[in-house]
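Before any comments, here is the structure.
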There are 2 protein chains.
Amino acid sequence: MKVVEKIEELKQLIAQVKTAGKKIGFVPTMGALHAGHFSIIKAAREQTDFVVVSIFVNPAQFGPAEDIDKYPKTLDADTAGCEKLGVDIVFAPTVAGMYPSENLTWVNVEKLTEPLCGRNRPGHFRAVATVCAKLFNIVQPDIAFFGQKDAQQSIVIKQMVSDLNMPLEIIVCPTVREPDGLAMSSRNSYLDTEERKDAVLIYAALKEAELFITAGHRKSSELIGEMEKILKLSSRIKIEYISVLDSRTLEEIEQANGEVLVAIAVKLGQARLIDNIMLNI
Amino acid sequence: MKVVEKIEELKQLIAQVKTAGKKIGFVPTMGALHAGHFSIIKAAREQTDFVVVSIFVNPAQFGPAEDIDKYPKTLDADTAGCEKLGVDIVFAPTVAGMYPSENLTWVNVEKLTEPLCGRNRPGHFRAVATVCAKLFNIVQPDIAFFGQKDAQQSIVIKQMVSDLNMPLEIIVCPTVREPDGLAMSSRNSYLDTEERKDAVLIYAALKEAELFITAGHRKSSELIGEMEKILKLSSRIKIEYISVLDSRTLEEIEQANGEVLVAIAVKLGQARLIDNIMLNI
């Protein structure tokens, strides 16, 4: 496995891989890899011939009051984990390498970036789409793999790839959870013992929504009310949003029908945590 | 030479050309090809192994009051001209092919799109950058060729390619002129006999700016004044802008020094005409 920092070096390696006719799988990450990332990397390993994992904490996608400075950095453990899984290249560019001069070009996906995290993190998805476009152009993958936990991100990136005719496929891998249901996240490391216990309520609320729908309820406001009750069992949890949306358009729906995304974002101590489930009703 | 309408068909052909290790040259056009386009196509033919010319009048880059409906359409003559020059593929997609559903993704290049034509054609360069990103992703050229007449367009596209790490090079070809100096443009066909005579004043004004600078003058306001005098020799010419700018940042400069872009846009009868010269002072 190679760890590559320079874009030009990576491009030369990729050109060789392309010439050899190999199918390239790409997993973009911000590092601090956990079992969620590893399951995505395994999917890439199984479905493609040559796996590139990028590790880049993209400053552009963090707001001024967000956690870029404290975002966990574990490069040695990350590369060791990648090596164990048979990754071919870890691409870990510097900020100066990715943004050598003032970046004037932004890729904006309208509508899909407005609700959910887009409302609370202005400019976030514009920066995510832009850095993914950059990474796709550098790595030139046949397939890029994302995680279902960042549901809105996957939907935005899929739309970008389709609208801009980018020559790659997007595969979204299932959320990996701790034994008690908490979705794996690099930000879980911010939680103290008490907060970690309360964090289980996020997935509990989503499961409650599923049960409530299975029982025949369809009204989104009632669903949201049920989920709210569960999250409010912890005084530490500050709800940012609970939303029931059409999973294709990300428009909020009054009645849960069809392909539905149920999504939650909360603040818990120093962490901002998100989770979601997709339901086919 | 093949004329291809379907994106999927083109992609398959391109994949074969890539596998054969050929260097792809790409000339994006809106059709109504003239000697200016042909000189760009010749450059592509000389510098690459496989030449793709696209013909697509992109609705997104025309404003509601602009000339999309009357924009000249000469597909048969265009393909004949391309064939004569040894083009390999003319790619002529339909609007429905390029925009199969509502387009939500836009590529915006900040700052460089604000002055000059950006001021008078809001949304124009966002649509140009977006359609070029789409075409680059479809055609996957090694080099894309543009014309110097659309100076701002070339500068915007170069910035996009650099910022988004697109895997291609941009080459800008010199403006081709009629014997009397008028820059070749598909829109020249809108001019009646009298307007065509007056149109020569645009290039005359630019040459006057060059002479004025050669004589030692540097003050942009004086340069603009001199050019204005010449354009005002015709009562038919309505000046949209006369600008003296830093050719890299497209910021207006008070003193003409370094790499300078002198650019003019006018309305003349039914036509909106642009022209420019680059000066190294």
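The values are calculated or read from the model by the stated rules, or taken from the named source; none is laboratory data. Given the structure is predicted, the values throughout are model-derived calculations rather than measurements. We place every Cβ from the backbone using ideal geometry, glycine too, and count neighbours over all the protein chains shown. Keep in mind that these areas ignore ligands, DNA and RNA; they rest on the heavy atoms of the full protein, side chains included. Shrake-Rupley method; radii C 1.70, N 1.55, O 1.52, S 1.80 Å.
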Meets criteria (farther than 23 Å from residue B:70 by Cβ and either modelled with pLDDT under 95 or aromatic (Phe, Trp, Tyr) (or both)) for residue B:242: no
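Matching residues to (1) closer than 30 Å to residue A:97 by Cα; (2) outside the structural domain of residue B:104 (by TED's automatic domain parsing); (3) among the aliphatic types (A, V, I, L, M):
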{"site": "B:131", "(1), (2), (3)": "yes, no, yes"}
{"site": "B:139", "(1), (2), (3)": "yes, no, yes"}
{"site": "B:145", "(1), (2), (3)": "yes, no, no"}
{"site": "B:158", "(1), (2), (3)": "yes, no, no"}
{"site": "B:191", "(1), (2), (3)": "no, yes, yes"}
{"site": "B:194", "(1), (2), (3)": "no, yes, no"}
{"site": "B:197", "(1), (2), (3)": "no, yes, no"}
{"site": "B:210", "(1), (2), (3)": "no, yes, no"}
{"site": "B:219", "(1), (2), (3)": "no, yes, no"}
Residue count, the range B:43-69 (criterion: in contact (Cβ under 8 Å) with a residue 60 or more places away in the chain and farther than 16 Å from residue B:117 by Cβ): 7
Residues satisfying the stated conditions in the range B:128-147, i.e. surrounded by fewer than 20 Cβ atoms within 10 Å (Cβ to Cβ) and within 17 Å of the chain's Cα centre (by Cα): B:143
Qualifying positions in the range B:127-152 - outside any helix (DSSP H, G or I) and within 11 Å of chain A (Cβ to nearest Cβ): B:140
Unmet criterion (only one of (1) out of contact with any strand residue (DSSP E or B) (no Cβ under 7 Å at 6 or more places or on another chain); (2) at positive phi) for residue B:140: (1)
Listing of strands (runs of 3 or more DSSP E) fully contained in the range B:1-119 that carry 3 or more residues being out of contact with any Phe, Trp or Tyr (no Cβ under 6 Å at 6 or more places or on another chain), open to solvent by less than 70 Å² (accessible area, probe 1.4 Å) and in the same structural domain as residue B:151 (by TED's automatic domain parsing): B:24-29, B:50-55, B:89-91, B:105-109
Meets criteria (more than 14 Å from chain A (Cβ to nearest Cβ) and either among the small types (Gly, Ala, Ser) or over 30 Å from residue A:161 (Cβ atoms) (or both)) for residue B:97: no
Any hit, the range B:153-163, residues being within 14 Å of another protein chain (Cβ to nearest Cβ), in contact with a Lys or Arg (Cβ under 8 Å, 6 or more places away or on another chain) and open to solvent by 40 Å² or more (accessible area, probe 1.4 Å): no
So residue B:219, is it under 23 Å from residue B:71 (Cα atoms), modelled with pLDDT of 95 or more, surrounded by fewer than 20 Cβ atoms within 10 Å (Cβ to Cβ) and of a type outside the set (Asp, Glu): no
Pick from the range B:178-189, criterion small (Gly, Ala, Ser) and either in a helix (DSSP H, G or I) or in contact with a strand residue (DSSP E or B) (Cβ under 7 Å, 6 or more places away or on another chain) (or both), ranking: surrounded by the fewest Cβ atoms within 10 Å (Cβ to Cβ): B:189
Subset of the range A:115-124 [touching a residue at least 40 places away in the same chain (Cβ under 8 Å) and within 13 Å of another protein chain (Cβ to nearest Cβ)]: A:123
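Return the residues of the range B:148-177 that are under 17 Å from the mean Cα position of the chain (by Cα) and more than 19 Å from residue B:261 (Cα to Cα); say none if nothing qualifies.
The answer is B:160, B:161, B:169.
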Spans of helices (runs of 4 or more DSSP H) in the range A:190-276 with at least 1 residues free of Cβ contacts under 8 Å to residues at least 60 places away in the same chain and among the aliphatic types (A, V, I, L, M): A:200-214, A:220-231
Qualifying residue in the range A:166-177 (condition: at the interface with another protein chain (Cβ under 10 Å from one of its Cβ atoms) and open to solvent by 40 Å² or more (accessible area, probe 1.4 Å)): yes
The range A:191-216, residues that are open to solvent by 40 Å² or more (accessible area, probe 1.4 Å) and within 15 Å of residue A:265 (Cβ to Cβ): A:203
Hey, residue A:77 in contact with a Leu (Cβ under 8 Å, 6 or more places away or on another chain), among the small types (Gly, Ala, Ser) and touching a residue at least 24 places away in the same chain (Cβ under 8 Å) or not: yes
